[in-house]
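The values are calculated or read from the model by the stated rules, or taken from the named source; none is laboratory data. Since we're looking at a predicted model, the values are computed, not measured. Every residue, glycine among them, receives a Cβ derived from its backbone with ideal geometry; neighbour counts consider all protein chains shown. With ligands, DNA and RNA removed, areas are computed over all heavy atoms of the protein, side chains included. Shrake-Rupley method; radii C 1.70, N 1.55, O 1.52, S 1.80 Å.
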Amino acid sequence: MQVASIALGSEMETEPCSGEREDPAVEHTVSEVYQLVGGHAEVNKEPAETESCAGESENAEAKAPAGPEKSEDTGCKQQRKLKKTNSWKMVRFQEPSTEDDVLERDSSAESLFPECVTAEWTSSSFEDLFAADDWQDITEDRLLRKKVVEFGAPDTLSPTWGQSVTVEMQCVLEDRTVVEKDCRLALVIGEGDVNQALEECVMSMQKGEITLLLADSLYAYGLLGREPDIPAWAALLYQLQLLDVREKPDPLTLPVADRIRIGNQKRERGNFNFQREEYSMAVRAYSMALDVLITCGRDGGEKVEEEEEEVRDYRVKCLNNLATAQLKLERYDEALHTSRDVLTLEPNNVKSLFRLGKLQSDMGEYEEAMEVLKRALKLEPATKAIHVELSKLVKRQSGGRDIQGWKPKPAELLGENITPFLIPSKKKESVRRLISPMRYCDRQQMGF
């Protein structure tokens, strides 16, 4: 069975991206359908999702039944252009509750390690550094190399997969333009919080160690680079120090504000990956975000209830983005399950209703799809994409026979009872058959 693929939305619902095969007899607008299904990954301006289409606003949830959510989007393009990443789109993962405000990115040329300035850091060509004998290869392909500037504490273990670490780091291009700088970057190894170069290097360090790291573009930002400061295929030179190593905290032990902040940062990373069409990495990031965006289910008064509700809202956005990425990977069963998870938390989420109904229709579950799409239509009767999908569904239920096309009805005429609009009328066709012969006879009598 071939299932039509559905796009995401803007914050991660950003733009619709995949094309789906459409029934030739059904006239509809692809961009609108994609909007409702979820056009792409949203890129947070606040913690946001990425969907866009039907009409949900959100800095992450796309506007209509769409894909990954971001801020409110009103529409999706029929063909998504591959975009480079936004400037400094490395998500900051601060240690929970260590600072009240998120620090601004520091792109100044002033070094974080003034006592460790070397010729390699200030002037050596990257070609010479890749060939230098006094550098250690982190990977066998010699595309990721390090040189220890200051050794760490003796007899300490290196960080391992799943541990949380804090590093101080700065990064430059070969012309020594500073493109990344952070005095306390927190990340969990193996969760995709940063690029592969940093993760691999950190696992080779000891606490307190200061190291130079030379990374080929394949371990950094590759073909797309990172707009506007990191060109395509650019190698990077890092200087970093491992400040702290600890076990990853249990999300339930974190304050609600930290769960929301960390969860949204991971969702933003997912949106970043989605925009780069790295859908598997996007799925992983959204899944990690969902592991943090959990509710405790405890009683604690009105304030606690409001906080838990906020966590659920962000969880819905993240689930919508996850479903969109799963559709990009053609994991239709997983997208179906994820869409149902959204509706468990938010039964009237039009985007997920539309996505679920479309998937069920594509999978041949016509009765279930009809009920779901009717619910979506009652919630947003003026959304043409829902009418379009219902038209396709009616045609499929009829076995592909030519029937009168579904025509969107004005919202004010729809009311509560939409059943009449789901059954194509044959009255006009019958009247036409009666009228045609009469006119033919009249023309013969008149000698035409």
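For the subset of segment 373-395 comprising residues that are in contact (Cβ under 8 Å) with a residue 40 or more places away in the chain and open to solvent by 20 Å² or more (accessible area, probe 1.4 Å), which member is farthest from D341 (Cα to Cα)?
K395
Farther than 24 Å from L224 by Cα, modelled with pLDDT of 90 or more and open to solvent by 60 Å² or more (accessible area, probe 1.4 Å): is that true of T122 in this structure?
Here the answer is yes, as T122 does meet what is asked.
Does T383 satisfy being more than 30 Å from T253 (Cα to Cα) and at pLDDT below 95?
yes
Give the number of residues within segment 235-256 that are open to solvent by less than 20 Å² (accessible area, probe 1.4 Å) and under 27 Å from Q275 (Cα atoms).
3
Can you tell me which residues in segment 199-220 are assigned to a loop (DSSP other than H, G, I, E, B) and more than 23 Å from S123 (Cβ to Cβ)?
M203, S204, M205, Q206, K207, G208, E209
In segment 164-184, which residues are among the charged types (D, E, K, R) and either surrounded by fewer than 20 Cβ atoms within 10 Å (Cβ to Cβ) or in contact with a helix residue (DSSP H, G or I) (Cβ under 9 Å, 6 or more places away or on another chain) (or both)?
E168, E174, D175, R176, R184
Which numbered condition trips up L187, out of (1) crowded, with 21+ Cβ neighbours inside 10 Å; (2) assigned to a loop (DSSP other than H, G, I, E, B); (3) of a type in the set (A, V, I, L, M)?
Every listed condition holds for L187 apart from (2).
Taking segment 129-151 on its own, how many of its residues are assigned to a strand (DSSP E or B) and either crowded, with 16+ Cβ neighbours inside 10 Å or under 38 Å from the mean Cα position of the chain (by Cα) (or both)?
Result for segment 129-151: 8.
Just give me the residues in segment 206-234 being in contact with a Lys or Arg (Cβ under 8 Å, 6 or more places away or on another chain), open to solvent by less than 40 Å² (accessible area, probe 1.4 Å) and not small (G, A, S), in sequence order.
T211, L212, L213, L214, L224, R226
What do you reckon, is W161 open to solvent by 10 Å² or more (accessible area, probe 1.4 Å) and closer than 21 Å to V117 by Cβ?
When the stated conditions are applied, W161 does not pass them.
Check every one of the helices (runs of 4 or more DSSP H) wholly within segment 277-372 and list those with 1 or more residues that are open to solvent by 40 Å² or more (accessible area, probe 1.4 Å).
Of the helices (runs of 4 or more DSSP H) lying wholly inside segment 277-372, those with at least 1 residues that are open to solvent by 40 Å² or more (accessible area, probe 1.4 Å) span 279-292, 301-328, 332-345.
What single numbered condition from (1) over 26 Å from the mean Cα position of the chain (by Cα); (2) within 22 Å of A132 (Cβ to Cβ) fails to hold for P154?
Failing condition for P154: (2).
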